[in-house]
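Student: Provided herewith is a single structure, encoded as structure tokens, for subsequent inquiry.
Where a number appears in this text, it was derived from the coordinates with a stated rule and is not lab data. All values derive from a computational prediction rather than experimental measurement. Because the Cβ atoms are built from the backbone with ideal geometry, glycine has one as well, and the counts that use them run over all protein chains shown.
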Amino acid sequence: MITIDDLLAQNKLWVEEKKAQDTEYFNKLSRAQEPHTLWIGCSDSRVSVNIITGTAPGEIFVHRNVANLIVSTDFNLLTVVEYAVDVLKVGQIVVCGHEQCGGIEAVLSQPDDFDLIFVRKWLKPIQDTYRIHKQEIDALDDMGQRATRLAELNTLEQAHNLAQNYIVQRAWKKGSSLRIHGLMYCLREGTLRRVIELSD
Ligand SMILES: [Zn+2]
């Protein structure tokens, strides 16, 4: 098992590596952040934003939660979006879903012993999306395909939720060219694909 000492040792190595490449690396990074993108994705440990997009620290402002939900009463999310849009002035917001998402699979499988009350409450919006598209989803061949389709529909839904949000609407009314992109990440291939694009 990886311990905290291992993580600290790995950090030390990473610092040395970065400094060997550019002695000013941390000085430059510590001055300010100017991210071009806000990324709202799933907390899944396999979907590491900077790694899968080949970007560096300072480029992407990040919010992650289970199953990449945009909940209009979630102050954590709203604070991140407001700061990213109004202060950092990001040009685009990505809402990224992914295949083999545990949150999506939990909604589809609904195990009898599912006693994680907060997870169950949090996933309610996906339950609703599933109910609306149940016929289409249940007709698919296997669990993998059903989970992928529901993850895609959830990403569409969340991108629309974000577009309707007050913070985004306010930015668009002020003439912002902010764009919202719904993406899906394929774990087996490592690839990202477009699901939807929204702008004013
Ligand atoms: Zn997930």
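Student: Just give me the residues in the stretch 146-180 being crowded, with 20+ Cβ neighbours inside 10 Å and part of a strand (DSSP E or B), in sequence order.
Tutor: If the condition is that a residue be crowded, with 20+ Cβ neighbours inside 10 Å and part of a strand (DSSP E or B), then ILE180 is the only one that fits.
Student: For the stretch 81-104, give me each residue that is free of Cβ contacts under 8 Å to residues at least 60 places away in the same chain and within 16 Å of the ligand (Cβ to nearest atom).
Tutor: The answer is CYS101, GLY102, ILE104.
Student: Scan the stretch 30-55 for residues that are more than 16 Å from the ligand (Cβ to nearest atom), of a type outside the set (A, V, I, L, M, F, W, C) and at negative phi and jot them down.
Tutor: If the condition is that a residue be more than 16 Å from the ligand (Cβ to nearest atom), of a type outside the set (A, V, I, L, M, F, W, C) and at negative phi, then SER30, ARG31, GLN33, GLU34, PRO35, HIS36, THR37, ASN50, THR53, THR55 are the ones that fit.
Student: Sticking with this structure for a sec: Can you name every one of the helices (runs of 4 or more DSSP H) wholly within the stretch 68-130 that holds 2 or more residues which are in contact with a Gly (Cβ under 6 Å, 6 or more places away or on another chain)?
Tutor: Ranges flagged: none.
Student: Scan the stretch 184-200 for residues that are farther than 20 Å from ILE51 by Cβ and among the β-branched types (Val, Ile, Thr) and report the count.
Tutor: The number of residues fulfilling the criteria is 2.
Student: Take LEU78 and decide whether it is away from the ligand (no atom under 16 Å from the Cβ), touching a Phe, Trp or Tyr at 6+ places or on another chain (Cβ under 7 Å) and touching a residue at least 40 places away in the same chain (Cβ under 8 Å).
Tutor: Spelling it out, it is not the case that LEU78 is away from the ligand (no atom under 16 Å from the Cβ), touching a Phe, Trp or Tyr at 6+ places or on another chain (Cβ under 7 Å) and touching a residue at least 40 places away in the same chain (Cβ under 8 Å).
Student: Now, a different point. Could you list, in sequence order, the residues of the stretch 39-65 that are basic (Lys, Arg) and farther than 22 Å from TRP122 by Cα? Steps first, answer last, please.
Tutor: First pass over the stretch 39-65, keeping only residues basic (Lys, Arg): 46, 64.
Those that are basic (Lys, Arg) and farther than 22 Å from TRP122 by Cα: none in the stretch 39-65.
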